[in-house]
């Protein structure tokens, strides 16, 4: 029984991570300055990916541990994002160094909103009776 519970928790964390990760590439390129030969959004994304992955994994882990709570999906997603603020700050610091403060704030703001929305939807989906 414990093995099934752990496998289920891993599956939930993995599913949440995948849902959130699918939006990362598009979100990271929003709000970034476009310089013809000087800037490559996908290179920055590749370099930022470990920070972003840690943020997503933290939120997925937080959520999977509380998926059966009575909290609404919106509140649970918000709590998950807030609980992983240190991971968000790490990503933000990296981006500030690479793309500047204003662009980093824009990117992290877009990601935060997108992750909240996608995480809330994933929670609703995972809470459906057929899961």
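Structural remarks
- Residue match in the range 31-51 (condition: modelled with pLDDT of 95 or more and surrounded by 17 or more Cβ atoms within 10 Å (Cβ to Cβ)): yes
Table: residues versus (1) closer than 30 Å to residue 69 by Cβ; (2) assigned to a helix (DSSP H, G or I).
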| residue | (1), (2) |
| --- | --- |
| 87 | yes, yes |
| 90 | yes, yes |
| 96 | no, yes |
| 102 | no, yes |
| 110 | yes, yes |
| 115 | yes, yes |
| 118 | yes, yes |
| 124 | yes, yes |
| 130 | yes, no |
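- Selection of the range 95-111 for residues being surrounded by 17 or more Cβ atoms within 10 Å (Cβ to Cβ) and either on the phi > 0 side of the Ramachandran plot or under 16 Å from the mean Cα position of the chain (by Cα) (or both) yields 95, 104, 106, 107, 108, 110, 111.
- Check on residue 94, farther than 30 Å from residue 125 by Cβ and modelled with pLDDT of 95 or more: yes
The values are calculated or read from the model by the stated rules, or taken from the named source; none is laboratory data. All figures in this text were calculated on a predicted structure; none of them were measured in a lab. Cβ atoms come from the backbone with ideal geometry, glycine included; neighbour counts cover every protein chain shown.
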